[in-house]
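For reference, the structure is listed below as structure tokens.
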Ligand SMILES: Cc1cc2nc3c(=O)[nH]c(=O)nc-3n(C[C@H](O)[C@H](O)[C@H](O)COP(=O)(O)OP(=O)(O)OC[C@H]3O[C@@H](n4cnc5c(N)ncnc54)[C@H](O)[C@@H]3O)c2cc1C
């Protein structure tokens, strides 16, 4: 370990659930990354691939010996405006990537909270979809291909850079969401969408959760297709923000539908709507030392989930996508609460604490992990 520790230099990083800081390397070339992985692998060291390290609550207590960051490997590799695709290195921040494709009239999905901090590799490995999943679907569907580094130091490609059929298994769909447990993502290609020409946001301030969720449901029926709907608690009231965007005629048409189906919307447009949307998106709780839960549930059960959470932590501030059925909340982690949430059919990911009811990997997942990373070098969130 000492030769490797020398190579890594003075950088250290605190991993949630670990007492001591771990050595961190952020190589500036892929060749250096390959060498480090090979050396770690030969020495039987556990490696956690990271981007900017802003969302490591899911790897609480991971048995890592060192962290390998892609943050110094950033930049757009290929942008094909005609094809609507972009390929970038894993350490590229989502805001840099969004800026690069905006030049050609495209938008990037997922539209993640605090995109200046999140790297492309971190977002894809985390496997979350943005608030815009309502309209565009999950991130995994837009990942066209990847280049990844395996634990034996081999670089392999899966999928392609363009929107067309590629032969072979779509291993990039497996790696999307693998949380640093199977490989280190070096580069990814994404499908893009047309940038919106207009945006309007409706804000509803409701005195009860039920009233807010009733409005959310009215916004969910076709042909209305909001890009994102955010729900949050503001002291004694609930605030629901719906973002409509696209071509001007579409936004006008959808706005008329919202007016028809609801009452009490406060509207803003253009730059004001962009600012409101960004603020609502970036309210996602920061992963700090506090523990948190990420809950996914059928949208029809969001109300029950929120009531349970508020009974448990009356002062908590859940960050909710009511129509996608996801809730992020900073709270202490209680086994009875997790069990009750799971009894509602919710998928519960504990962040920044040990999971009291973790099911563990299935036998199939175990075999898959063994096949992809035979010596168990990568120790991310499975
Ligand atoms: C509370 C909160 C809620 C969020 N909600 C959403 C959401 O709903 N939708 C959304 O799209 N985004 C969401 N994000 C943003 C985004 O998913 C994360 O912020 C992003 O993953 C962090 O980027 P990072 O570079 O700091 O990743 P890190 O914190 O460094 O890593 C995150 C995970 O990915 C793994 N990882 C990182 N890089 C690599 C790599 N190159 N190869 C393999 N594994 C890697 C790590 O091991 C770790 O498990 C949210 C962020 C926060 C803080």
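Of all residues in region 201-237, those being part of a strand (DSSP E or B) and surrounded by 22 or more Cβ atoms within 10 Å (Cβ to Cβ) number 7.
In region 286-309, of all residues being within 13 Å of the ligand (Cβ to nearest atom) and over 12 Å from residue 352 (Cα atoms), the one that is surrounded by the most Cβ atoms within 10 Å (Cβ to Cβ) corresponds to 295. Consider residue 36 carefully, then state whether it is away from the ligand (no atom under 13 Å from the Cβ), in contact with a helix residue (DSSP H, G or I) (Cβ under 8 Å, 6 or more places away or on another chain) and either within 30 Å of residue 193 (Cβ to Cβ) or in the same structural domain as residue 153 (by TED's automatic domain parsing) (or both). Judged against the criteria, residue 36 is a match. Filtered by the rule that a residue be in contact (Cβ under 8 Å) with a residue 60 or more places away in the chain and touching a strand residue (DSSP E or B) at 6+ places or on another chain (Cβ under 9 Å), region 137-165 gives 149, 150, 151, 155, 161, 162, 163. Looking across region 336-348, just one residue is surrounded by 17 or more Cβ atoms within 10 Å (Cβ to Cβ) and part of a strand (DSSP E or B), and that is 348. Scan region 349-374 for residues that are more than 25 Å from residue 44 (Cβ to Cβ) and not in a loop (DSSP other than H, G, I, E, B) and jot them down. Correct list: 349, 350, 351, 364.
Looking at region 242-285, which of its residues are within 16 Å of the ligand (Cβ to nearest atom), assigned to a loop (DSSP other than H, G, I, E, B) and free of Cβ contacts under 8 Å to residues at least 60 places away in the same chain? Selection gives 285 alone.
Residues being in contact (Cβ under 8 Å) with a residue 12 or more places away in the chain, under 12 Å from the mean Cα position of the chain (by Cα) and within 12 Å of the ligand (Cβ to nearest atom) are represented in region 179-189 by at least one member.
The values are calculated or read from the model by the stated rules, or taken from the named source; none is laboratory data. Note that the coordinates shown come from a computational prediction; the quantities given were computed from them, not determined experimentally. Counting neighbours? That spans all protein chains shown, and the Cβs are built from the backbone with ideal geometry, glycine included.
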